[in-house]
1. Report the full-extension gain for the segment F35 to Y50: residue separation times 0.36 nm, less the Cα-Cα distance, to one decimal in nm.
2. Which of F75, G163, N130 sits closest to the plus end of the dipole of the chain, meaning its Cα is farthest towards the positive end, when Lys and Arg get +1 and Asp and Glu get -1 on the C-beta?
3. What 222 nm value per residue comes from the helices of the chain, counting each DSSP H run with n ≥ 4 as -39,500 (n - 2.57) and dividing by all residues, nearest 500 deg cm²/dmol?
4. Using a 1.4 angstrom probe on the protein heavy atoms only, line up R47, R42, R9 by accessible area, largest first.
5. Working out 0.36 nm times the residue gap between F138 and S73, then minus their Cα-Cα distance, what length gain in nm do you get to one decimal?
6. Roughly how much of I13 is accessible, in Å² to the nearest 10, using a 1.4 Å probe?
7. For the stretch 8-97, give the magnitude of the charge dipole about the Cα centre (Cβ charges: +1 Lys/Arg, -1 Asp/Glu; no others), in debye to the nearest 20.
8. The stretch 50-70 to the stretch 124-175: how many Å between their Cα centroids?
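The values are calculated or read from the model by the stated rules, or taken from the named source; none is laboratory data. The shown structure was predicted, so the numbers you read here are calculated from the model rather than taken from an experiment. Ideal geometry is used to build each Cβ from the backbone, glycine not excepted, and the neighbour counts take in all protein chains shown. SASA here: full protein model, heavy atoms, side chains in, ligands and nucleic acids out. Shrake-Rupley method; radii C 1.70, N 1.55, O 1.52, S 1.80 Å.
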Amino acid sequence: PWSFEVGARGSWIAQTRMGIASIDLKWAVNEGFRFLPDVALRGNITRLIYSGDLSLTTGGLDASVGKQFAIASLFSLAPYVGWNLVFVEATTGMIDFRPTRSLSEADAVGALFDSMASFTRVAAAANVHNRFYGGLKFVAKPISVMAELSYSIFGRFQDSSTGDTFDPPSVFAVGTSVGLTF
């Protein structure tokens, strides 16, 4: 019980030069007791890297509850559920929405304003969302396989230029991972 874990990960986004760097800290408040569920608190920060004119950082705080069940001393199953509070901060430079146009099209009068724009900075404190998740982790050392379902609810957005507000749709997602455990 009372264990702390520090994790880091990096990912490359297919067919781009961009990547993602992430770090997280997990505190297992109650872990490894035979008859009690595992309870954990976690914080994380993820940054989009090599993205040119787009600056994107996300962070999150979450609480989860799960229980690991050993099966015939060969492998284990661990169902879990949790709630994640997500913060997103983003800003852009000028973005070209028609990068495949010819040089003569790009040099035409008014072309710059027709296809390029920058977006207003979105502050993390003003862009907070709830994500609820549940999943199942299968471990047969050294292989670990996980499947997860999540449902995200986004807060109301306001267009800074017009003052209009709108409620974006919620998002249902499915995620899987395969990894090695040591």
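1. Using 0.36 nm per residue and subtracting the Cα-Cα distance, I get 0.7 nm.
2. So the residue we want is F75.
3. My calculation for the chain gives -1000 deg cm²/dmol from helical runs alone.
4. The ordering from most to least exposed comes out as R9, R47, R42.
5. Contour length minus Cα-Cα distance gives 22.1 nm.
6. 60 Å²
7. Dipole of the stretch 8-97, to the nearest 20 debye: 320 debye.
8. 10 Å
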